[in-house]
There are 2 protein chains.
Amino acid sequence: MTARTPADDAPDGVVHVDGVAGRPQGRESGREIPEATVARLPIYLRALTSLADQGTDTCSSEDLAAAAGVNSAKLRKDLSYLGSYGTRGVGYDVAYLRYQIAREIGLTQDWPVIIVGIGNLGHALANFSGFRSRGFSVVALLDADPQRHDELVAGLPVRPFDDLERIVAGQGVSIGVIATPAVAAQDVADKLVACGITSILNFAPTVINVPDGVDVRKVDLSIELQILAYHEQRKAIPATAADGGLDEEVTA
Amino acid sequence: MTARTPADDAPDGVVHVDGVAGRPQGRESGREIPEATVARLPIYLRALTSLADQGTDTCSSEDLAAAAGVNSAKLRKDLSYLGSYGTRGVGYDVAYLRYQIAREIGLTQDWPVIIVGIGNLGHALANFSGFRSRGFSVVALLDADPQRHDELVAGLPVRPFDDLERIVAGQGVSIGVIATPAVAAQDVADKLVACGITSILNFAPTVINVPDGVDVRKVDLSIELQILAYHEQRKAIPATAADGGLDEEVTA
DNA sequence: CGGTGTGAAGCGGTTCACAGCT
DNA sequence: AGCTGTGAACCGCTTCACACCG
């Protein structure tokens, strides 16, 4: 929840088990999963897919953690929020765990997505195969520029932005991607929200404001580079004021 | 530091002031800035640029926080790590603060960057104007596919991957962008590191391993969508097993 | 015995609330 | 009087270490 939602830490009150009591595994329906954990589930999913592809059918938390680039304690803690899907002394069944994570994220269904702003980046996103292969399908491309209309991009015609409402309603779209220039982003976001979109992935280099209940995630290319630059700059300083050590040559 | 660096929380030991004592403002050279703060500095920088463009020359922490999409307490705390660049009872001088942040991030110099993998995404990145305008210049485009060599993208010829070492050494490049397919990413990363690159921005949907001292940041498009899907799925559940409420229809 | 699942400790970041400067 | 700068409380995430189970 990027859009200010400290409100959803509502206590569950009586956690009513949603089936027969004494289930061996699985998680009660309403349990809260920490945001940091949610952000890693897709990584585990990918790692599991990779393991499955190379023929592994069982793995330890250590194995999976290595494949996902985290430490095993964190991995086990994360998985424990979903339920007990491992076997003590053995490990995890790759296919089974993979399914459970996919279900938790909501990838057992297909999510229709629209992309607004078909410039260089919009093109690349429309052609990105990783979306479709992970349960998302790009159902429409929109652009305000009439010159681009009906041009085919990744097999889809670019449509006028005014078609937004019809498309969203007709296809039941709840996720929108903004790949417009910064100046247009807030306006586009407002219209997406007005049409009923409740999740936005924003590539425009600007902060967008949305009402409560709408999630925004942003991907900002130049910010990532700036963060790297900060660290890079510090590396460049000969002996970064660390612990004494070699400051004999300071005056050299 | 994405690449496991709990090692760099080395204590500063004696913090030797780098000039005359009793400076009115400014920060001793070696002070640690929290990673979370570093990640927000580029946002503040952008907000300040935006304020400057619209003619504002002074702003309060409240104003700037609103423009950056954070709360003012966090903003003031963040800025306090840099030094005391505001005036109590007045606020911040936009141009001055902007310069100080830019200097802190290391944007007073220009950073040469190379992009490896000139597919759809690589194209978009090469053409992305936000890099150049923020102190980065793309100095070379590399691709393993001979068919693409010498093709002009954003005014630069695509060069064979084997030219890597010559380019990095010749241009003093320390930041590399990976926009290759996942299978190639680890191999490319290894070669970048071998040539002396110490910061990597990875767009390939895979975990890459690098030695200590090398920073990696990743941008993963489908992971962002998956995180949105998780929250979207939960919104869809009528009354998310919150506090009792309407579970009459459970058996319906 | 081996590896999962988890309470408890530790740590970093956020928020609060106010002292202190202009 | 107003707004910054900051100690202190608070909160959530990570790490540790081990009980527990197959």
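The values are calculated or read from the model by the stated rules, or taken from the named source; none is laboratory data. Here the structure is a predicted model, which is why all the values come from computation and not from measurement. Don't worry about glycine lacking a Cβ; one is built from the backbone with ideal geometry, like all the others, and counts go over all protein chains shown. The area values use the complete protein model at the heavy-atom level, side chains included, leaving out ligands, DNA and RNA. Shrake-Rupley method; radii C 1.70, N 1.55, O 1.52, S 1.80 Å.
Some notes on this structure:
- Residues within segment B:137-165 that are open to solvent by 30 Å² or more (accessible area, probe 1.4 Å), within 14 Å of chain A (Cβ to nearest Cβ) and touching a helix residue (DSSP H, G or I) at 6+ places or on another chain (Cβ under 8 Å), tallied: 2
- Condition check for A:Tyr96: aromatic (Phe, Trp, Tyr), within 12 Å of DNA strand C (Cβ to nearest atom) and touching a helix residue (DSSP H, G or I) at 6+ places or on another chain (Cβ under 7 Å): no
- Contact map, segment A:77-88: first residue more than 17 Å from A:Ala65 (Cβ to Cβ) and open to solvent by 70 Å² or more (accessible area, probe 1.4 Å), second residue near DNA strand D (Cβ under 9 Å from one of its atoms) and in a loop (DSSP other than H, G, I, E, B), Cβ cut-off under 9 Å, separation 6 or more or different chains; pairs are A:Ser84/A:Pro24.
- Helices (runs of 4 or more DSSP H) lying entirely in segment A:67-172 (those with 2 or more residues that are modelled with pLDDT of 95 or more and farther than 30 Å from A:Arg31 by Cα): A:120-127, A:164-171
- Flag if B:Arg134 is charged (D, E, K, R), farther than 22 Å from B:Leu221 by Cα and crowded, with 17+ Cβ neighbours inside 10 Å: yes
- Among residues of segment B:173-189, those that are assigned to a loop (DSSP other than H, G, I, E, B) and more than 10 Å from B:Ile114 (Cα to Cα), counted: 3
- The residue pairs whose first member lies in segment B:213-239 and is at the interface with chain A (Cβ under 7 Å from one of its Cβ atoms), whose second member is open to solvent by 10 Å² or more (accessible area, probe 1.4 Å) and small (Gly, Ala, Ser), and whose beta carbons are closer than 7 Å, counting only pairs six or more residues apart or on different chains, are B:Asp215/B:Ala3; B:Ile227/A:Ala39; B:Glu232/A:Ser174.
- Close pairs from segment A:178-199: first over 27 Å from B:Phe131 (Cα atoms) and away from chain B (no Cβ under 14 Å), partner open to solvent by 40 Å² or more (accessible area, probe 1.4 Å) and not hydrophobic (A, V, I, L, M, F, W, C), Cβ under 7 Å, at least 6 apart: A:Cys195/A:Glu165
- A residue that is more than 9 Å from DNA strand C (Cβ to nearest atom), open to solvent by less than 30 Å² (accessible area, probe 1.4 Å) and modelled with pLDDT of 95 or more cannot be found anywhere in segment A:52-63.
- Among the candidates B:Tyr44, B:Tyr96, residue that is without any contact (Cβ under 8 Å) to a residue 12 or more places away in the chain and more than 9 Å from DNA strand D (Cβ to nearest atom): B:Tyr96
- Of all residues in segment A:51-80, those satisfying the criterion of being more than 12 Å from chain B (Cβ to nearest Cβ) and within 10 Å of DNA strand D (Cβ to nearest atom) are A:Ser61, A:Ser72, A:Ala73, A:Lys74, A:Leu75, A:Arg76, A:Lys77, A:Asp78, A:Ser80.
- When residues in segment A:10-35 are screened for being more than 11 Å from chain B (Cβ to nearest Cβ) and at pLDDT 95 or above, 1 of them pass.
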